[in-house]
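The values are calculated or read from the model by the stated rules, or taken from the named source; none is laboratory data. Computed from a predicted model, the values in this text were never measured in an experiment. Note that each Cβ is placed from the backbone with ideal geometry, even for glycine, and that neighbours are counted across all protein chains shown. These accessible areas exclude ligands, DNA and RNA; they are computed on the full protein's heavy atoms, side chains included. Shrake-Rupley method; radii C 1.70, N 1.55, O 1.52, S 1.80 Å.
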Amino acid sequence: MELLLLLAVCGALVYAQGLVLGKGSLRGVKVSRRFSEEACYAGDRLEIVETIENAKGLPVPWLRLETMLPASIVFRGRGDTSVSRGRIYQNHTSLFTLQPRVKIVRTHQTTCVSRGVFVMETASLTGGDLFSIHTPSITLSLPHKLTVYPAPMEESVMPDSWRSWQGELEVRRWIVEDPFVVSGTRAYLPGDAFNRIDWKASARSLELQVRRHGHTADPRAMILLNIEESEMMWDRVTRPGDMEATISCAASLAAGMLGRGLSAGFAHNAVVSRHSDDTGRVEFGSGSGKLGETLASMAAIEPRIRMPFYELLRREAELELSDGMDYLLVTAFRSDRIMEAAALLEQSGHRVAFVEPPVRTKGGRRS
């Protein structure tokens, strides 16, 4: 009899703790998550900070926070977390025990191993009592958008065609003086045009001074990226490693030009990520802000073709631009159609240079 009574009391206590600790385990629990960066480069380290607060006067025996994250975010081991990885996504699970009126801040060290635009929207929160009699669960809204830029290619492996174009650019930049760039004054020499005389400077120095002009303004350059592996390709990329090398090569071109003060633009023939507002084309501009916009456009590239590369070239040739510019065509191959479309660009008054990224695939005709 005493044993039955003891069992009944224990059962009542277990049931009571389930009602008190389990059924209301999520009441007063607040969860937030933040990333140390909104944008980073592939290969960069990133911190994910989870904050869990129990605002009520009762403890939470156990709490499980589950989040679906991109598989490209690699966690650098912790014993109190569990990660189940798939090819595209991974399920990240954190376990907690919360004392009354306590806040826990947990920092996860991660590495972003590949570029892309990743959107994380929700997380699942489950709590329970000591014996998991009651295990309520809710879905939390923890929205965050992470943009991972492609890692620029090392200068030592950049193609020779890029270095040749740089050399030609330097020659063009310093041949002709730009009448809109004034770098100072100098003494008047026989043969100088009278409209170049700086009368204020002449009055100060009591002798004729003429304006000294800088050299020609930097040209505008447009980077056109081709993700096609060969002329026969029609939909999805089958060699993603080659595509990533091509994108990294284009990222190095953009960083090199914009870092030197050039005005540059960017366009590609790939499908754009549904998580991005990018249109596949970045208009001309200069400075670090334009570099960020260009790299974000590269991050949004999906491994599918939006249009053939020769069609992209033809559309560029049809644009009515006021003056000629440089077109850098980053493509792993050259077909007859691509060469014909490039000729249309040249006929429109533009300069065209091919930059072959260091990839294994060599499709199409070389010239």
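Of the strands (runs of 3 or more DSSP E) lying entirely inside the stretch 1-95, those containing at least 2 residues that are within 26 Å of Ser141 (Cα to Cα) and charged (D, E, K, R) are 29-35, 45-54, 60-70. Close contacts from the stretch 337-364, counting a first residue that is buried (at least 19 other Cβ atoms within 10 Å of the Cβ) and a second that is acidic (Asp, Glu) and modelled with pLDDT of 95 or more, with Cβ to Cβ under 8 Å and a gap of 6+ residues or different chains, come to Ala341/Glu311.
Evaluating Ser25 against the criteria (1) open to solvent by 30 Å² or more (accessible area, probe 1.4 Å); (2) within 41 Å of the chain's Cα centre (by Cα) leaves one unmet condition, (1). Annotation for the stretch 51-72: no member residue is on the phi > 0 side of the Ramachandran plot and of a type outside the set (Val, Ile, Thr). Looking only at the stretch 246-257, decide whether some residue is in a strand (DSSP E or B), open to solvent by less than 40 Å² (accessible area, probe 1.4 Å) and in contact with a strand residue (DSSP E or B) (Cβ under 8 Å, 6 or more places away or on another chain). Scanning the stretch 246-257 turns up no residue that is in a strand (DSSP E or B), open to solvent by less than 40 Å² (accessible area, probe 1.4 Å) and in contact with a strand residue (DSSP E or B) (Cβ under 8 Å, 6 or more places away or on another chain). When the stretch 271-289 is filtered for residues that are open to solvent by 30 Å² or more (accessible area, probe 1.4 Å) and either under 21 Å from Met120 (Cβ atoms) or outside any loop (DSSP other than H, G, I, E, B) (or both), the ones remaining, listed by number, are Val271, Val272, Arg274, His275, Asp277, Asp278, Arg281, Glu283, Phe284, Ser288, Gly289. Taking Arg64, is it surrounded by fewer than 18 Cβ atoms within 10 Å (Cβ to Cβ) and either aromatic (Phe, Trp, Tyr) or under 30 Å from His134 (Cβ atoms) (or both)? Criteria met by Arg64.
From the list Ser72, Ser84, Ser94, which residue is of a type in the set (Ser, Thr, Tyr) and closer than 17 Å to Lys145 by Cα?
Details: Ser84 fails: closer than 17 Å to Lys145 by Cα; Ser94 fails: closer than 17 Å to Lys145 by Cα.
Answer to the selection: Ser72.
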